[in-house]
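What follows is a set of notes on a single structure, which appears directly below.
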Amino acid sequence: MKRKVILHQQKSQQHKWKKKILTLIFVVGVCFGTLLFVQTRYNDVFGLVSFQHQVVSQSQVQIPKIAFLFIARNRLPLEIVWDAFFRGGNNKFSIFVHSRPGFLFNNATTRSTYFLNRQVNDSIQVDWGEASMIEAERILLRHALSDPLNDRFVFLSDSCIPLYNFSYAYDYIMSTPTSFVDSFADKKDGRYNPKMHPVIPVRSWRKGSQWGVLTRKHAIVVVEDETVFPMFQKYCKKKPLPEFWRDQHIPADTSKIHNCIPDEHYVQTLLAQKGLEGELTRRSLTHTAWDISNSKARDRRGWHPVTYKYSDATPMLIKFIKEIDNIYYETEYRREWCSSKGKPSTCFLFARKFTRPAALRLINTFVVGDFN
């Protein structure tokens, strides 16, 4: 009997120990599970915070922009083409328009939201062949430079069209650290006025198209110039046409009259004088065709570029412009082979001068404007 009591007590103690062990295992398991759960939640929360931080950081990455600077008489007749072009811009651009004083881009004057209120508020009256044209350029640059993200500055007229989509144009322009400025030595008599010397020596005198692309550094040089610009205002003036000579003294030799067109010389000459030509790709990205056979009057020949009308706007014309891969400069015996990202490429991203009917025809035939 005594032995049975002892065995019963031993079994009871063993049972209690088993319960304690099981309880301990359970508690340990619960604690471990709780720790694992907390760690998992911590990782989830930390990962979410980290992801949100990355999203915010990515949204705060400052992507350099291209400022498109339009010089217009009033409204932009080809805005429908540019509207399609800018749809692919993804906030990589800004727009500034210099129009006549008082003209506003509102719902009554533009159908494109991209141009709403994009006029500068201090525009001036611009006359072709006068220094007012380069002052308009400087005004546009001053406004565009106020945005620190604007890194390239493209000058365009109201008759320009894009030849490619925004993405292609952006990559082309941003792939090089240089400005694109059509610039060559002007060795012909009649443009350079000796009265500009010594402020502007003849060795710095350059000529080219005004429709260039400037880096931010070169845009600042143009805006801050207080030396070369006054010389252009005073001594660079176009020669009057023959019909106006009746109101003036007719010179014995009209060829000796200086015929200086400021916008064809200013930026090129300024950058040359500043020793910055090594930072230029010395060609324009805007195609212009000059026809010197239009007029029988020698004084009028070559003064204006070809204007493409409805009948001229064909797929063959655009194909021809896009296939141009080099430009020859006679005065320097220099052939400029066009390249992008180190590879041969087309020379031009834009073209002028197109009338509105011509541009609409190109859109309707999907030659330009199909940018999406």
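The values are calculated or read from the model by the stated rules, or taken from the named source; none is laboratory data. These figures come from a predicted structure and were not determined experimentally. Glycine also receives a Cβ, built like all others from the backbone with ideal geometry; neighbour counts cover every protein chain displayed. Just so you know, the surface numbers come from the protein's heavy atoms only, side chains and all, with ligands and any DNA or RNA stripped out. Shrake-Rupley method; radii C 1.70, N 1.55, O 1.52, S 1.80 Å.
So who's got an amide H within less than 5 Å of the one on F93, skipping anything under 5 residues away but keeping other chains? H placed 1.01 Å off N, in plane.
I66
What accessible area per residue comes out for the stretch 65-368, rounded to a whole number of Å², with a 1.4 Å probe?
On a per-residue basis, 49 Å².
Taking only the alpha carbons of the stretch 88-246, what extent do you get along each of the three principal axes, in Å, biggest first?
Extents along the principal axes, in whole Å: 49, 39, 29.
Could you run the Debye sum over the Cα atoms of the stretch 65-368, one equal point scatterer each and no solvent, and tell me log10 of I(q)/I(0) at q = 0.07, 0.09, 0.14 Å⁻¹, two decimals?
One equal scatterer on each Cα of the stretch 65-368 leads to -0.27, -0.45, -1.15.
For Y333 and K319, calculate 0.36 nm times their separation in residues minus their Cα-Cα distance, and state this gained length in nm to one decimal.
Here the segment from Y333 to K319 would lengthen by 2.4 nm.
Students often get this wrong: which residues of the stretch 337-366 have the backbone nitrogen under 19 Å from the point 7 angstrom along Cα-to-C-beta of H304?
Output list for this probe position: 351-359.
In the stretch 65-368, carbon and sulfur make up what percent of the accessible area (probe 1.4 Å)?
51
Restricting to Cα pairs below 8 Å that are 6+ residues apart, what does the relative contact order work out to for the stretch 92-195? Please round to a whole percent.
Reported as a whole number, the value is 20 percent.
Using the alpha-carbon centroid of each, what span in Å lies between the stretch 93-122 and the stretch 299-350?
The stretch 93-122 and the stretch 299-350 have Cα centres spaced 29 Å from each other.
How much of the DSSP beta bridge set in the stretch 65-368 is antiparallel, as a percent to the nearest 5?
About 45 percent, rounded to the nearest 5.
Considering amide H positions built from the backbone, and no H for Pro or chain starts, which residues 5 or more places from W211, or on another chain, come under 5 Å of its amide H?
Answer set, sorted by chain and number: none.
5 Å is the cut-off here: which amide hydrogens, built 1.01 Å from N in the peptide plane, fall below it relative to N150, excluding neighbours closer than 5 in sequence?
Amide H to amide H, under 5 Å and 5 or more residues apart or across chains, N150 pairs with K65.
Out of the chymotrypsin sites (Phe, Trp or Tyr not before Pro) in the stretch 118-209, which ones are loop residues according to DSSP with at most 15 other C-beta atoms within 10 Å?
Passing sites in the stretch 118-209 are W128.
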